[in-house]
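A quick write-up on the structure given underneath.
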């Protein structure tokens, strides 16, 4: 029978020694394994070097993680903001610090910033794989079994989101600090080691999900060292106290950034059920990682109304009962399962967080939990001498690696690929679909700037067909379609679409309605319907008096109607409101109306 360090927990006075150290990775006996752990992640993830920024990287160009002042322009002033102010609804100063330094390095070396940031994800993911191997090696003696388990952690398709998406550098960085803290904790034989606690704090400053280290430490103390509850609680307490402080900070920031955040969550008594349901969801995605997307639109409010909400929770309870029956014979399987559950515990609905508005589950929440999956695979591989079963496990790994390389990673290439793919696999047609439509609209606007009006119109039509959840968003697409028609000199069609927006304005309170009135007025001018155009220009001024273009157009229309007195009054009105008119309009007014 193969030995594992789990069996050494019987010693109460002397905790299990660290069998395998980080430096051993570079010894002659492990050089091939180390090479494999480095080579294969780069083999499948090298393609991200030319990927675009997506989603929260720039959030449609208005705000996003890469818009942080320190990332945009590293300086002493922006550095001070890192640790004083939250940003984008989060407090992750260490991630912003690294992004800013990486961007600065790329600029100094005249390298593409997007390539450096994407490849940095691959670097940290690879380092995490090495750390995961070292930690799993403490529990499974067979190095080849540990290699297979670690490769599941590195290459499984569910990990593609974290590695291929720049914004999830925060998860990678947090995991790197967390695994290092865990390694030092094991190395010090559970003695209070301030460096471990310091690394834990750094991990949380990279991303709060690093709080998963707390249950990790607790389960290692119990299964690996055999500590009783009192001693275990004492050993885990420093990590718990640090975690509580940051939970309070994170909740305060989230509640300020996401107004009425509690309305997106569940009642306290429903949260255990949501947690059990999410467990089933993740198990399904790990076993069958084909229909993966950026959003599944499984919000807590949605799932709590489904017939399967309560029955589905019975499945993990049944699995847990079966594992409990095997607890004495298969303690390592129990241990691996506990690590898996602990990995996503903090994002499974027990506490409120912003993205719950859209979905309770996401691939990125599984990154740390895959350590448990890796240990489970290593344990199963180690326990069987049947070459066919071992071959089957390796075969599944090869299939999953191929899925990552050829299916899952490429969907993160650009926003269009990401959201068109993800919209297919949403349970409810919502978040991904809206983002897909927004990207179509963005691409259409870019084509408008390039004066490719017909192509832009096709994109706007596609965005309108997407039937977005937000009515205001749908009106934006209609407005941009009307603009495209205006540019193509299809004035009557453009006016029809502007009228649709004006008609719905009272119901949906369009914040940019002044632009609609103005552009409708421009279309009427092109049709030489100056009197009707003046009505729209006056409506524009009523909503936005500071729009200088509308004053120019109004004065020009009045002159074309030979209403010089009103044109002068409009000029004086603009002057009174400190609006700078075009010199050409002023000269025209003077030459035509001052005779």
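Every number in this text was worked out from the coordinates using simple rules, so none of it is lab data. In this text, all values refer to a predicted model and were calculated from it rather than measured experimentally. Here Cβ is always computed from backbone atoms with ideal geometry, including for glycine, and neighbour counts include all displayed protein chains.
Arrange the following residues from fewest to most other Cβ atoms within 10 Å of their Cβ: 370, 90, 279.
Lowest count first: 90, 279, 370.
Decide, for the chain, between rounded, prolate and oblate: order the square roots of the alpha carbon gyration tensor eigenvalues as a ≥ b ≥ c, take rounded if a/c falls under 1.5, and otherwise choose prolate if a/b is larger than b/c, else oblate.
prolate
Pairing the Cα long axis of helix 513-526 with the longest principal axis of the chain, what angle in degrees results, from 0 to 90 and rounded to the nearest 10?
Orientation of helix 513-526: about 40 degrees from the principal axis.
Using Cα centres only, tell me the gap between the stretch 487-537 and the stretch 29-45 in whole Å.
61
Would you mind putting 528-536, 472-480 in packing order, based on average other-beta-carbon counts within 10 Å, highest first? Please list the in-between numbers first.
Working: 528-536: 17.7, 472-480: 19.6.
Going by the mean number of other Cβ atoms within 10 Å, highest first, we get 472-480, 528-536.
Can you tell me how the stretch 429-543 classifies by the Cα gyration tensor, rounded, prolate or oblate, using a/c under 1.5 as the rounded cut?
oblate
Describe numerically, in nm with one decimal, the distance between label points set 7 Å from Cα along Cα→Cβ at residue 399 and at residue 52.
Going by the 7 Å Cα→Cβ label model, 3.4 nm.
Provide 51, 88 in ascending order of the number of other Cβ atoms located within 10 Å of each residue's Cβ, fewest first.
88, 51
Which of 512, 99 has the fewest other C-beta atoms within 10 Å, and how do the rest follow up to the most?
Going from sparsest to densest Cβ surroundings: 512, 99.
For the stretch 291-441, what relative contact order do you get, as a whole percent, if you take Cα pairs closer than 8 Å and at least 6 residues apart?
Contact order relative to length: 37 percent.
Please give the peptides 373-381, 288-296 ranked by average Cβ packing (other Cβ atoms within 10 Å per residue), highest first, as a rough proxy for protection.
373-381, 288-296
Based on the mean of other beta carbon atoms within 10 Å per residue, what is the order of 151-161, 230-240, most packed first?
Most protected by this proxy first, the peptides run 151-161, 230-240.
Report the relative contact order of the stretch 545-595, percent, no decimals, based on alpha-carbon pairs under 8 angstrom and at least 6 residues apart.
It comes to 44 percent, rounded to a whole number.
Which FRET efficiency, nearest 0.05, do residue 287 and residue 315 yield, Cβ-Cβ r, R0 22 Å?
0.95
With runs of 4+ DSSP H residues as the only contributors, calculate the mean residue ellipticity of the chain at 222 nm using -39,500 (n - 2.57) per run, divided by the residue total and rounded to the nearest 500. Display every interim value, and only then the final one.
Working: 27 runs with 375 residues, N = 595.
It comes out at -20500 deg cm²/dmol, rounded to the nearest 500.
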